[in-house]
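First comes the structure, then the notes that go with it.
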Amino acid sequence: QVQLVESGGGLVQPGGSLRLSCAASGSILRFSAMGWYRQAPGKQRELVAIITSGGNTNYADSVKGRFTISRDNAKNTVYLQMNSLKPEDTAVYYCNALALYPYWGQGIQVTVSS
(Lines give C-alpha, C1' and ligand atoms only; values in the text may rest on other atoms or scores of the structure.)
Protein backbone atom coordinates (compact mmCIF):
# COMPACT_ATOMS: atom_id res chain seq x y z
CA GLN A 1 0.00 0.00 0.00
CA VAL A 2 1.38 3.38 -0.99
CA GLN A 3 1.18 6.22 1.49
CA LEU A 4 1.90 9.82 0.60
CA VAL A 5 2.15 12.33 3.43
CA GLU A 6 2.20 16.06 2.70
CA SER A 7 3.65 18.69 5.01
CA GLY A 8 4.71 22.31 4.95
CA GLY A 9 1.43 24.07 4.30
CA GLY A 10 0.01 26.96 6.25
CA LEU A 11 -0.81 30.65 6.15
CA VAL A 12 1.51 33.05 4.34
CA GLN A 13 1.26 36.66 3.22
CA PRO A 14 1.16 37.57 -0.46
CA GLY A 15 4.67 37.58 -1.88
CA GLY A 16 5.83 35.03 0.64
CA SER A 17 7.19 31.52 0.21
CA LEU A 18 6.38 28.01 1.35
CA ARG A 19 7.90 24.63 0.65
CA LEU A 20 5.65 21.61 0.52
CA SER A 21 7.02 18.12 1.06
CA CYS A 22 5.52 14.79 0.07
CA ALA A 23 7.05 11.78 1.78
CA ALA A 24 6.29 8.40 0.24
CA SER A 25 6.27 5.02 1.95
CA GLY A 26 9.00 3.24 0.06
CA SER A 27 11.03 4.12 -2.98
CA ILE A 28 9.69 6.82 -5.31
CA LEU A 29 11.69 5.31 -8.16
CA ARG A 30 8.81 2.88 -8.74
CA PHE A 31 6.61 5.78 -9.88
CA SER A 32 6.76 6.98 -13.47
CA ALA A 33 5.94 10.48 -12.26
CA MET A 34 5.02 12.43 -9.18
CA GLY A 35 3.21 15.70 -9.00
CA TRP A 36 1.32 18.32 -7.09
CA TYR A 37 -2.30 19.21 -7.70
CA ARG A 38 -4.49 21.77 -6.00
CA GLN A 39 -8.16 22.38 -5.48
CA ALA A 40 -9.63 25.72 -4.50
CA PRO A 41 -13.15 26.01 -3.06
CA GLY A 42 -15.75 25.60 -5.79
CA LYS A 43 -13.16 24.69 -8.41
CA GLN A 44 -11.92 21.50 -9.99
CA ARG A 45 -8.65 19.93 -8.97
CA GLU A 46 -5.87 21.11 -11.28
CA LEU A 47 -2.32 20.09 -12.02
CA VAL A 48 0.29 22.41 -10.55
CA ALA A 49 3.56 20.67 -11.35
CA ILE A 50 4.85 17.24 -12.28
CA ILE A 51 8.25 15.57 -12.32
CA THR A 52 9.02 12.31 -14.08
CA SER A 53 11.31 9.54 -12.91
CA GLY A 54 13.84 10.92 -15.38
CA GLY A 55 13.68 14.37 -13.84
CA ASN A 56 11.65 16.13 -16.54
CA THR A 57 9.28 18.76 -15.18
CA ASN A 58 6.15 20.50 -16.32
CA TYR A 59 4.18 23.34 -14.75
CA ALA A 60 0.82 24.98 -14.99
CA ASP A 61 1.10 28.34 -16.75
CA SER A 62 -0.17 30.09 -13.64
CA VAL A 63 2.83 28.99 -11.56
CA LYS A 64 5.67 29.01 -14.09
CA GLY A 65 8.61 31.02 -12.84
CA ARG A 66 7.30 30.99 -9.25
CA PHE A 67 7.06 27.31 -8.29
CA THR A 68 9.73 24.61 -8.54
CA ILE A 69 9.18 20.89 -8.18
CA SER A 70 12.07 18.65 -7.20
CA ARG A 71 12.70 15.18 -5.86
CA ASP A 72 15.14 13.51 -3.48
CA ASN A 73 15.19 9.82 -4.34
CA ALA A 74 17.29 8.97 -1.28
CA LYS A 75 14.65 10.49 1.00
CA ASN A 76 11.68 9.24 -1.03
CA THR A 77 10.38 12.78 -1.03
CA VAL A 78 9.11 15.27 -3.58
CA TYR A 79 9.09 18.99 -2.90
CA LEU A 80 7.22 22.00 -4.20
CA GLN A 81 8.99 25.28 -3.58
CA MET A 82 6.46 28.09 -3.90
CA ASN A 83 7.69 31.67 -4.18
CA SER A 84 5.94 34.97 -4.84
CA LEU A 85 2.70 33.48 -3.58
CA LYS A 86 -0.57 35.12 -4.57
CA PRO A 87 -4.03 34.96 -2.98
CA GLU A 88 -5.19 32.90 -5.96
CA ASP A 89 -2.72 30.18 -4.95
CA THR A 90 -4.92 29.48 -1.93
CA ALA A 91 -6.09 25.88 -2.15
CA VAL A 92 -5.71 22.40 -0.76
CA TYR A 93 -2.58 20.92 -2.32
CA TYR A 94 -2.40 17.21 -3.04
CA CYS A 95 0.60 15.04 -3.74
CA ASN A 96 0.18 12.48 -6.52
CA ALA A 97 2.21 9.46 -7.54
CA LEU A 98 1.64 7.56 -10.76
CA ALA A 99 2.30 3.85 -11.12
CA LEU A 100 -0.23 1.39 -12.53
CA TYR A 101 -2.73 3.45 -10.56
CA PRO A 102 -2.62 7.01 -9.28
CA TYR A 103 -2.06 7.47 -5.57
CA TRP A 104 -3.00 10.55 -3.60
CA GLY A 105 -2.00 12.16 -0.35
CA GLN A 106 -4.57 13.47 2.10
CA GLY A 107 -4.04 17.08 1.05
CA ILE A 108 -2.67 20.10 2.86
CA GLN A 109 -4.06 23.61 3.11
CA VAL A 110 -2.16 26.58 1.72
CA THR A 111 -3.66 29.98 2.43
CA VAL A 112 -2.22 33.19 0.99
CA SER A 113 -3.71 36.20 2.71
CA SER A 114 -2.74 39.42 4.40
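The values are calculated or read from the model by the stated rules, or taken from the named source; none is laboratory data. What you see is a predicted model, and the numbers here were worked out from it, not measured in a lab. No Cβ is skipped: glycine too gets one built from the backbone with ideal geometry, and neighbour counts run over all protein chains shown. Please note that ligands, DNA and RNA were not included when accessible areas were found on the heavy atoms of the full protein model with its side chains. Shrake-Rupley method; radii C 1.70, N 1.55, O 1.52, S 1.80 Å.
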For region 18-101, the Rg and Dmax computed from alpha carbons only, in angstrom: 12.5, 37
Nearest-20 debye value, the chain charge dipole, Cβ charges on Lys, Arg, Asp, Glu: 80 debye
The chain - share of DSSP beta bridges that are antiparallel (%, nearest 5): 95 percent
Segment Ser84-Ser27, length gained on full extension (0.36 nm per residue, minus Cα span): 17.4 nm
Rounded percent of accessible protein surface that carbon and sulfur make up, the chain, 1.4 Å probe: 49 percent
Accessible area per residue in Å² at 1.4 Å probe, computed on the chain: 53 Å²
Environment charge of Ala91, counting only residues whose C-beta is closer than 13 Å and scoring Lys/Arg +1, Asp/Glu -1: 0
Candidates Ala49, Ala74, Ala60: whichever shows maximal mean-square fluctuation once the chain is modelled as a Gaussian network with Cα springs under 10 Å: Ala74
Candidate aspartates and glutamates for bridging to Lys43, where Cα separation is under 14 Å - those fewer than 8 sequence places away on the same chain excluded: Glu88, Asp89
